[in-house]
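Comments concern the structure below.
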Amino acid sequence: SAASDLFSNMRAPAALIGGAIVPIGFAAAPEISKDDSSFMNIFKKVYMIIAILSLSCEIIAVTYSTIAINKLSESAVPSTSSVIELLKRDYELQWLGCNVNFLLGLLGFAIMIGMRSWIYFGPKFGRVGLLVAGSVLAHCLSIINHGIAVGDGTGSKFGSNFFGIVKRY
């Protein structure tokens, strides 16, 4: 049940972020205009690519967590001394996939917010938006890296930082 709770804790935020990406990434996406500079044209296309990738990552995270919760409910799972041991033994791919995709989607969402400020407010205020988004991104990576480095507190962990779990995934 603890493992199922961990996957549930990932599924809801992934769905929430995915739901937030839809309006700002697609419904109210910046349109490419013939009056756009070549830089702005490329910038808007990159924005759309990030929106597609971020939403895709959140969908993958929801899928991994949902299937893992179902398997945990359907299957008899031999006892372990900790949840991390169970995840490492039987659900490592699902746990890493859920985490990596959720975090990539979340970081992509932060990038989209910064890019939107540039697109809608121009370079003068857009720089501020990009810098704020970049600072949030760096701070989030710091929080993520600390959580990964700590692991379960007993020395069991999946990596030493975010890039370590991406590589392991």
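The values are calculated or read from the model by the stated rules, or taken from the named source; none is laboratory data. Not measured: the values here are computed from a predicted model. Note that each Cβ is placed from the backbone with ideal geometry, even for glycine, and that neighbours are counted across all protein chains shown. Each accessible area value is taken on the protein alone, full model and side chains, heavy atoms only, with ligands, DNA and RNA left out. Shrake-Rupley method; radii C 1.70, N 1.55, O 1.52, S 1.80 Å.
Of the residues Ala29, Ala15, Ala3, which is outside any helix (DSSP H, G or I) and either over 13 Å from the mean Cα position of the chain (by Cα) or not acidic (Asp, Glu) (or both)?
Ala29
Take the residues in region 47-62 that are open to solvent by less than 60 Å² (accessible area, probe 1.4 Å) and out of contact with any helix residue (DSSP H, G or I) (no Cβ under 6 Å at 6 or more places or on another chain); name whichever of them is nearest to Gly122 (Cα to Cα).
The residue in question is Met48.
Would it be correct to say that Ile24 is farther than 21 Å from Phe162 by Cβ, open to solvent by less than 50 Å² (accessible area, probe 1.4 Å) and of a type in the set (Val, Ile, Thr)?
Here the answer is yes, as Ile24 does meet what is asked.
For the condition among the charged types (D, E, K, R) and either on the phi > 0 side of the Ramachandran plot or within 24 Å of the chain's Cα centre (by Cα) (or both), what is the one hit in Lys34, Lys45?
Details: Lys34 fails: either on the phi > 0 side of the Ramachandran plot or within 24 Å of the chain's Cα centre (by Cα) (or both).
Exactly one of Lys34, Lys45 is among the charged types (D, E, K, R) and either on the phi > 0 side of the Ramachandran plot or within 24 Å of the chain's Cα centre (by Cα) (or both), namely Lys45.
Given the criterion at pLDDT below 85 and crowded, with 17+ Cβ neighbours inside 10 Å, identify the matching residue among Gly159, Gly97. Quick ask: steps written out before the conclusion?
Working: Gly97 fails: at pLDDT below 85.
Selected residue: Gly159, the only one of Gly159, Gly97 that is at pLDDT below 85 and crowded, with 17+ Cβ neighbours inside 10 Å.
Quick test for you: out of Arg127, Arg89, Arg116, pick the one residue that is of a type in the set (Lys, Arg), loosely packed, with under 14 Cβ neighbours inside 10 Å and part of a helix (DSSP H, G or I).
Going through Arg127, Arg89, Arg116 in turn, just one is of a type in the set (Lys, Arg), loosely packed, with under 14 Cβ neighbours inside 10 Å and part of a helix (DSSP H, G or I): Arg89.
Could you figure out which of (1) in contact (Cβ under 8 Å) with a residue 40 or more places away in the chain; (2) assigned to a helix (DSSP H, G or I); (3) not hydrophobic (A, V, I, L, M, F, W, C) isn't true of His139?
Unmet for His139, out of (1) in contact (Cβ under 8 Å) with a residue 40 or more places away in the chain; (2) assigned to a helix (DSSP H, G or I); (3) not hydrophobic (A, V, I, L, M, F, W, C): (1).
Failed condition for Val100, given (1) farther than 29 Å from Phe43 by Cβ; (2) in contact with a Phe, Trp or Tyr (Cβ under 9 Å, 6 or more places away or on another chain), with all others met?
So Val100 meets the others, but not (1).
Only residues that are outside any loop (DSSP other than H, G, I, E, B) and either in contact with a Leu (Cβ under 8 Å, 6 or more places away or on another chain) or open to solvent by less than 50 Å² (accessible area, probe 1.4 Å) (or both): list them for region 65-86, please.
Residues satisfying the conditions are Ser65, Thr66, Ala68, Ile69, Leu72, Val83, Ile84, Leu86.
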